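Just below is one structure, and these are the notes that go with it.
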Amino acid sequence: MKVTLRQKKISKGRVSLYLDFYPAIVDPQTKKSTRREFLGLHLYEKPKDILERNHNKETKIQADSIRSSRQLDIQRNNYEFIFKKMKQVDFLKFFKRLTDQKWDSDGNHGNWLSAYKYLEMYTNGECSTADIDRDFCEDFKEFLKTTHSIKSKAKKLSQNSQASYFSKFSVAIEEAFKKDYLSENYMLKIDHIKQKETEREFLTLEELKALYSTECEFPLLKVAAIFSALTGLRWSDLINLTWGEIQYSEINGHFIRFIHEKTDRPQTLNIPQQAVDLLGYPKGRDHKIFDGLKYSAWTNLKLAEWIMRAGIIKKITFHCFRHTYATLQLSLGTDIYTVSKLLNHKSVKTTQIYAKVIDQKRKEAAERIPDLGLKPGGMRIA
C-alpha cells in the first residue's frame, strides 16, 4: 500500500493537504473503507512574501513527516491511526437524517435535500466528521460559489441558493458540535454567504379590491388569499388553521393564538373583523378552516388565472399576499417594529426589506408628474 501526499484547492488562494491511500484501507470490524486523511494543514498557492514562503516550507516538512509515519504504520500493519477516524460519525448520513426531519414544509425539505446533494458532490459521497475542519468548511463554501446547478449545467448556483445551502450546512455543523461529534463549531469563524435582496412583489390596495370583486374558479383559494392579505399569515400557517384558534374578547377583539409552522414560535395575532367575516359560519373547533386547500400545480394555475382575470399583470404567488399585508401596513402608517411583530419576524432587519420597497415606490410616484418644460430659474418668487 502506498501513501501519497496530495493537494486540493480551497478558498482564499490556499491548498489543503491530505494523504491518499492506495489501495483503500478497510476497517476489519466495520468493513468501511477510506482513501483519504485530511491533515488540517494548508499551503499558500502563490506565496506573496517571505512569511508565506517559510510557512509553505515548514508545512511541507510537517506533512511529509506525517506521510512517512503513516507509511511505516501501514508496513507494520498498524492501522489504528485511521480506524480511530473511521469510528467517527458519517457526516453525510448525519446530514441526511437532519434532512429527513425537515418536513415542516415541502419548500424547506427541498432546500435541505438540495444542500445534501451538493455536499455529496463536494465530498464524492464520502465524509466522516474526522474529515471536517475549518478548511473543509471554507472549501465547501467556495465550492457552492463556483459549482454549476444540478438542474442546469449551463448555470451556476444563484447567490440566494448558495446562501441557503451553506446555511443548512452551518446548522448541521452546529448540531454535530452539540452532539460532541465535532470538537469545535467551525462555522463561528466563517462568514456566511449573504442573501441577495430580491424584489418582493405585492398588490396595491386597488389591486386587492379588484381581486375581491373578481370570480375565482377555486373559491376556497380566493378566501385564503384575501385572508392572508388581511392577516399576513403564511400558506403553511393557513392550511393548518382551525376554527378553535380564532378567539374573541371585548378588549382585544378577534385574534388567533397559534404556533408558527416556520419559526415554531407561539404568537397571538390580532385580526380585523372583515377577515373573520370573510370565513363565513364556523364549524367544529378542531376542524381546519381551509380544509381541502392543497399545494399543487392545479392550485397555482387557478391562482394565475384569477390574477389575470382581475386585470393584474404582475407575477403573483400565494406568498405575495403576505407581502401585500406588510406593505399595506407600512403604507398606512404602521411603524416598522409593530409590523415586524405582526409578521413574527425574528429581527426587524427582515421587515426593513418591505420598508425599502415602500420608499422605492414613493420615489417612483414622485417622478410620475410629467415634465412641464420648466427651466432652472425661469420663475422667481418676488
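Brief remarks on what is shown
- Qualifying residue in the range 159-168 (condition: surrounded by fewer than 20 Cβ atoms within 10 Å (Cβ to Cβ) and touching a Gly at 6+ places or on another chain (Cβ under 7 Å)): no
- Where a residue in the range 212-224 is touching a residue at least 12 places away in the same chain (Cβ under 8 Å) and farther than 24 Å from Asn240 by Cβ and its partner, wherever it lies, is crowded, with 19+ Cβ neighbours inside 10 Å and aromatic (Phe, Trp, Tyr), with Cβ under 7 Å and at least six apart: Thr214/Trp306
- Flag if Asp139 is more than 30 Å from Ala275 (Cβ to Cβ), of a type in the set (D, E, K, R), more than 20 Å from the chain's Cα centre (by Cα) and outside the structural domain of Ile10 (by TED's automatic domain parsing): no
- Output for the range 206-245, where each listed residue is among the aromatic types (Phe, Trp, Tyr) and part of a loop (DSSP other than H, G, I, E, B): Phe218
- From the options Arg309, Arg285, Arg257, residue that is of a type in the set (D, E, K, R) and exposed (fewer than 11 other Cβ atoms within 10 Å of the Cβ): Arg285
- Any chance Lys96 is farther than 26 Å from Thr34 by Cα, assigned to a helix (DSSP H, G or I) and in contact (Cβ under 8 Å) with a residue 12 or more places away in the chain: no
- Meets criteria (of a type outside the set (Asp, Glu), part of a helix (DSSP H, G or I), touching a Gly at 6+ places or on another chain (Cβ under 7 Å) and within 21 Å of Glu245 (Cβ to Cβ)) for Arg285: no
- Listed conditions (1) on the phi > 0 side of the Ramachandran plot; (2) under 31 Å from the mean Cα position of the chain (by Cα); (3) not aliphatic (A, V, I, L, M) are all met by Gly280, apart from (2).
- On the stretch given as the range 169-205, residues that are within 23 Å of the chain's Cα centre (by Cα), surrounded by 13 or more Cβ atoms within 10 Å (Cβ to Cβ) and not in a loop (DSSP other than H, G, I, E, B) total 11.
The values are calculated or read from the model by the stated rules, or taken from the named source; none is laboratory data. Keep in mind the model is a prediction, meaning the values are calculated, not measured. Heads up, the Cβs are rebuilt from the backbone with ideal geometry, glycines too, and the neighbour counts pull from every protein chain shown.
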